[in-house]
Amino acid sequence: MFRIFLANFVVQVLPLLMIAAAIILVVKARKGGPGSSLKHYFGLSLAALPAGIIAYIVAGIAAARIRREGHFYSVPFAGYTVDNGPIVISVALWIAFVFAALAFLLRPRE
């Protein structure tokens, strides 16, 4: 029973908490003050982690549909293979891409 609760928490609740904390940190960083840059980029990293993983999953499903295959396709590395190394690198690239996009869109005020 506890394992089911923990699995549901990690998959459903934790990403929402991370995104909520990210929004709070970015909004507080907009007000300025000491450590506002650290709050801003830490908030962006909190938001980029679940959003990057979701983007990786969506891209894999879309790539499989475009290729008319019934399997998940790991974008940009690994393809259909089930090897942890390329999959971890693909997820890390998606997280970095989402972080860069958020950092560009939500630049701190000068």
Tell me, please, whether a residue that is of a type in the set (A, V, I, L, M, F, W, C), touching a helix residue (DSSP H, G or I) at 6+ places or on another chain (Cβ under 6 Å), in contact (Cβ under 8 Å) with a residue 24 or more places away in the chain and assigned to a helix (DSSP H, G or I) can be found in the range 57-65.
no
It is to be established whether one or more residues within the range 29-39 are modelled with pLDDT under 95, touching a Leu at 6+ places or on another chain (Cβ under 7 Å) and either of a type in the set (S, T, N, Q) or surrounded by 15 or more Cβ atoms within 10 Å (Cβ to Cβ) (or both).
yes
Taking Ser45, is it touching a residue at least 40 places away in the same chain (Cβ under 8 Å), part of a helix (DSSP H, G or I), among the hydroxyl-bearing types (Ser, Thr, Tyr) and surrounded by fewer than 16 Cβ atoms within 10 Å (Cβ to Cβ)?
no
Can you name every residue in the range 66-93 that is open to solvent by less than 60 Å² (accessible area, probe 1.4 Å) and in a helix (DSSP H, G or I)?
Gly85, Pro86, Ile87, Ser90, Val91, Ala92
For the range 12-56, give me each residue that is over 13 Å from the mean Cα position of the chain (by Cα), among the β-branched types (Val, Ile, Thr) and over 15 Å from Ala101 (Cα atoms).
Val13, Ile23, Ile24, Val27
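The values are calculated or read from the model by the stated rules, or taken from the named source; none is laboratory data. Computed from a predicted model, the values in this text were never measured in an experiment. Here Cβ is always computed from backbone atoms with ideal geometry, including for glycine, and neighbour counts include all displayed protein chains. These accessible areas exclude ligands, DNA and RNA; they are computed on the full protein's heavy atoms, side chains included. Shrake-Rupley method; radii C 1.70, N 1.55, O 1.52, S 1.80 Å.
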